[in-house]
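The block underneath contains the structure these notes are about, expressed in structure tokens.
The values are calculated or read from the model by the stated rules, or taken from the named source; none is laboratory data. Quick caveat, the model's predicted, so the values are computed rather than measured. Ideal geometry is used to build each Cβ from the backbone, glycine not excepted, and the neighbour counts take in all protein chains shown.
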Amino acid sequence: MRCGGRVGGGVSEGGGWTEQSFGAGGAPGQAPREGSRLPIPNERNGWLEGARHPQQHEREARMRPYRESRINVHGSVFSRKGALMNTRCAVGLCAIALVTIPVFPNSSVAQGTSLKDQLVGTWIYVSSTAKRDDGSNVPRPSLQGAVTYTGDGRFHFIVTRTDAPKYASGDLARPSPDEAMAIASGGSIAYTGTYTVDENSKTIHVSIETSTFPNLVGAPNQRRIITSITADEMKFTNPRTLAGLTLEIVWKRAK
């Protein structure tokens, strides 16, 4: 609040207030009221217009720690909010990463290995199905066997009937006619040779060098198309056997 009068000469030499000091702000010769607009000191320790009452400075000094504490409290609140937001963002990013990383968990791209690298090893026969060109199924006997692919490009394949009869003679060279027919027509077969892998078409190209079925040796266009492969299971299809069938075989990796 501004005072009613203006100061002309300030305080007197004796340190008192002149009669020109204040109007409504204070009586002549008395100190002005608290909160009134004061003159500022002059070179002779007098008062010039524009200063504040000393008690106002004291009150502001008392209030300053309170204001600073409020600022500190607000700042800490903002810091906690910022930390909370950063934590939420980090959790969100982790969740996105966990959702998007294993899109193709069993693919060679996801594992960082080639199809050939996944193929190498021994696989145990599980089951098989055979179909004719018209889509009809061909009954399959109960079989057992394995196939092995080596890292240097060689393979070995064998399946035999689980119920194959034993030779009465005990001599491999002297089976009875029924025993020989059961072995020959029951699905038992073995062959070996070399192989290559076409990564793009997921195809195993085999070159058969030796077989219990001699017609397979050197037979052209021997392919095995991999339809699925994981660390523990593989499925491939022989699109055309010499008998004109489409054969699909399921394997599990040997432990």
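Structural remarks
- Among the residues of region 150-173, those identified as aliphatic (A, V, I, L, M) and over 19 Å from S127 (Cβ atoms) are A168, L172, A173.
- Residue among T227, T196, T148 that alone is surrounded by 13 or more Cβ atoms within 10 Å (Cβ to Cβ) and of a type in the set (S, T, Y): T148
- Failed item, numbered, when M181 is tested on (1) surrounded by fewer than 17 Cβ atoms within 10 Å (Cβ to Cβ); (2) hydrophobic (A, V, I, L, M, F, W, C); (3) within 17 Å of F157 (Cα to Cα): (3)
- Qualifying residue in region 172-187 (condition: of a type in the set (V, I, T) and within 19 Å of N238 (Cα to Cα)): no
- Region 188-207, subset of a type in the set (A, V, I, L, M) and in contact with a Lys or Arg (Cβ under 6 Å, 6 or more places away or on another chain), residue nearest to T237 (Cα to Cα): I204
- Taking region 111-144 as the range and being touching a residue at least 40 places away in the same chain (Cβ under 8 Å) and at positive phi as the test, only G121 passes.
A quick yes/no check of all residues on (1) charged (D, E, K, R); (2) assigned to a strand (DSSP E or B):
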residue	(1), (2)
N215	no, no
G218	no, no
N221	no, no
R224	yes, yes
T227	no, yes
T241	no, no
G244	no, no
E248	yes, yes
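- Criterion (under 24 Å from V120 (Cβ atoms), at pLDDT 90 or above and surrounded by 11 or more Cβ atoms within 10 Å (Cβ to Cβ)) met by exactly one of S211, S176: S211
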